Amino acid sequence: MATEAPTSGEYIVHHLTHMNSTGHAQKAVIDWSVWNLDTLFFSIALGVITLFFLIRAARKATPGVPGRFQAAVEILVEMVADQAKGIIHSAESRKFVAPVALTVFLWIFLMNSMDFLPVDLLPRLWAMISGNEHAYLRVVPTADLNGTLGMSIGVLLICLYYNVKIKGFSGWVHELFTAPFGSHPLLWPVNFLMQIIEFLAKTVSHGMRLFGNMYAGELIFMLIALLGGTATVFGFLGHIVAGSIWAVFHILIVALQAFIFMMLTLVYIGQAHESH
Amino acid sequence: MNLNATLIAQLVVFFILAWVTMKFVWPPIVKALDERAKKIADGLAAADKAKADLSLAEKKVVDELRKARESAGDVRTSAEKQAAKFLDDARAEAARIIAQAREAAEAEAGTAAQRAKEALRDQVAHLAVAGAEKILRREINAQVHADLLANLKTELQ
């Protein structure tokens, strides 16, 4: 236990600080020498869990009567395959893009679900294990901008790859300068600027949307926890009622945001297949 | 809300996870799904075929039954005809035998009556001769009176 109870502001700031490789809060907005160890640990662990279950399902997959677990995985696979089929018309591309979408959906779903754990559970456990009462730990990897932007930049790279693959490098460069306004040489800079803005906007909004939703959700859980932290009857009841309502509502957000991220992944990669 | 090297790490993790899914997860599951779809389609087709076969077999059975009934009818008719023919033949044969027997009996009876008549005539002639001898008290020459006797015999006929 801390020697004295933190103020509300200190509590929130403490919960919003990553356990990073420097051991204290990152000062600069961008610092490429710092690693958020908590985000990395939880995202990799959840990714491994995702793959573990998927591979187990894939190993046992039979064309015969499926068990419940296999049926559940098959429902997911069918859902993703149907969406991919509707958006990306190249069967060759779907061989890679559909698995990407499935991975993204399940992985983000699990990472978002970390929000359902009590906000103080894992940080408190970590503080006890590490012996440092002020140890930082954030358990929701998708409430870290690095996590979501990392994935959205991954999607951007896939988009660039398919742009070059489908249209050829010269075809893609031609499109960069002639779409969307026309091929007149005077329009080339404008077109190029628009294209760059489009790629930037897509990628940033893709990552920011997921981050914003999960960050806000996490913050509200913390505020609700603060309500219970007042240790009054009102605070206690308020914590239970508001916490229950927000957790139930958050189930929707968790699934919805995972689905939206997957769908946008498919849509952006689908756009890379179409010429303007 | 700071950016740092975690972003790069997350990017790499993203591609590793996607690659593993593409390599080891997606193909077996999709293959199993496709195979099951094919199995179900085959099963449905087989069921349809079995149904068609069944109705065909039923039609055949009805056909065979009808044919069997027809041929049984034919057999019965011909058997009846034959039986009637046998009966007629037997009847005709019997009638023939009866007629023959009657004829033979009649003929026999006729000859027997003739013979009896002749014997009677002989005896009558003898009696007449004997009676005449006695009447005439004299010997009649049978040779001389043969004509007379023959006449008498004829008259008695």
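Results for (1) closer than 30 Å to A:Asn146 by Cα; (2) more than 14 Å from chain A (Cβ to nearest Cβ), shown as yes or no for each residue.
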residue	(1), (2)
B:Ala9	yes, no
B:Phe14	yes, no
B:Pro27	no, no
B:Val30	no, no
B:Ala47	no, yes
B:Glu58	no, yes
B:Ala94	no, yes
B:Ala101	no, yes
B:Gly110	no, yes
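When residues of segment A:57-78 are filtered for being among the basic types (Lys, Arg) and out of contact with any helix residue (DSSP H, G or I) (no Cβ under 8 Å at 6 or more places or on another chain), how many remain?
1
With A:Ile75, A:Ile55, A:Ile44 as the choices, which residue is surrounded by fewer than 15 Cβ atoms within 10 Å (Cβ to Cβ), in a helix (DSSP H, G or I) and either at pLDDT 90 or above or touching a Ser or Thr at 6+ places or on another chain (Cβ under 7 Å) (or both)? Talk me through it step by step, then tell me what you get.
Values: A:Ile55 fails: surrounded by fewer than 15 Cβ atoms within 10 Å (Cβ to Cβ); A:Ile44 fails: surrounded by fewer than 15 Cβ atoms within 10 Å (Cβ to Cβ).
None of the other options fit; the residue is A:Ile75.
Can you give me the number of residues within segment B:75-92 that are over 14 Å from the mean Cα position of the chain (by Cα) and not charged (D, E, K, R)?
3
When you check B:Lys39 against the structure, is it more than 7 Å from chain A (Cβ to nearest Cβ) and in a helix (DSSP H, G or I), yes or no?
So B:Lys39 fails the test.
How many residues does segment A:26-35 hold that are surrounded by 14 or more Cβ atoms within 10 Å (Cβ to Cβ) and part of a loop (DSSP other than H, G, I, E, B)?
3
Can you find a residue in segment A:147-165 that is of a type outside the set (Lys, Arg) and over 26 Å from A:Arg94 (Cα atoms)?
For segment A:147-165, residues of a type outside the set (Lys, Arg) and over 26 Å from A:Arg94 (Cα atoms): absent.
Given the conditions (1) surrounded by fewer than 17 Cβ atoms within 10 Å (Cβ to Cβ); (2) assigned to a helix (DSSP H, G or I), and given that A:Ala231 satisfies all but one, which numbered condition is not satisfied?
(2)
Among the residues of segment A:158-179, is any within 22 Å of the chain's Cα centre (by Cα), modelled with pLDDT of 90 or more and in a loop (DSSP other than H, G, I, E, B)?
no
Assuming A:Ser275 fulfils every condition listed in (1) under 25 Å from A:Ala98 (Cα atoms); (2) in a helix (DSSP H, G or I) apart from one, which condition is it?
(2)
Would you mind finding the one in A:Leu219, A:Leu264 that is under 24 Å from the mean Cα position of the chain (by Cα), farther than 30 Å from A:Ala81 by Cβ and surrounded by 15 or more Cβ atoms within 10 Å (Cβ to Cβ)?
A:Leu219
Checking A:Pro118 against (1) within 30 Å of A:Leu226 (Cβ to Cβ); (2) at pLDDT 90 or above, only one condition comes out false. Which one?
Among (1) within 30 Å of A:Leu226 (Cβ to Cβ); (2) at pLDDT 90 or above, A:Pro118 violates only (2).
Looking at the structure I just gave you, is A:Gly64 in contact with a Lys or Arg (Cβ under 8 Å, 6 or more places away or on another chain) and either assigned to a helix (DSSP H, G or I) or closer than 30 Å to B:Lys38 by Cα (or both)?
So A:Gly64 passes the test.
Considering segment A:5-23 alone, what residues qualify as being of a type in the set (Gly, Ala, Ser) and either more than 22 Å from the chain's Cα centre (by Cα) or outside any loop (DSSP other than H, G, I, E, B) (or both)?
A:Ala5, A:Ser8, A:Gly9, A:Gly23
Which residues, counting only those in segment A:127-157, are modelled with pLDDT under 90, surrounded by 15 or more Cβ atoms within 10 Å (Cβ to Cβ) and in a helix (DSSP H, G or I)?
Across segment A:127-157, the qualifying residue is only A:Ala127.
Would you mention how many residues in segment A:79-109 are away from chain B (no Cβ under 12 Å), touching a helix residue (DSSP H, G or I) at 6+ places or on another chain (Cβ under 8 Å) and assigned to a helix (DSSP H, G or I)?
3
Could you tell me whether segment A:27-39 includes any residue that is within 8 Å of chain B (Cβ to nearest Cβ), in contact with a helix residue (DSSP H, G or I) (Cβ under 6 Å, 6 or more places away or on another chain) and closer than 28 Å to A:Ile224 by Cβ? First the steps, then the outcome.
At the first step, the residues of segment A:27-39 found to be within 8 Å of chain B (Cβ to nearest Cβ) are A:28-36, A:39.
This time we only want the ones that are in contact with a helix residue (DSSP H, G or I) (Cβ under 6 Å, 6 or more places away or on another chain), so: A:35-36, A:39.
Add one more test, that the residue is closer than 28 Å to A:Ile224 by Cβ, and what stays is A:36, A:39.
So far as segment A:27-39 goes, yes, one or more of its residues are within 8 Å of chain B (Cβ to nearest Cβ), in contact with a helix residue (DSSP H, G or I) (Cβ under 6 Å, 6 or more places away or on another chain) and closer than 28 Å to A:Ile224 by Cβ.
The values are calculated or read from the model by the stated rules, or taken from the named source; none is laboratory data. Owing to the predicted nature of the structure, the values given are computational and were not obtained by experimental measurement. Heads up, the Cβs are rebuilt from the backbone with ideal geometry, glycines too, and the neighbour counts pull from every protein chain shown.
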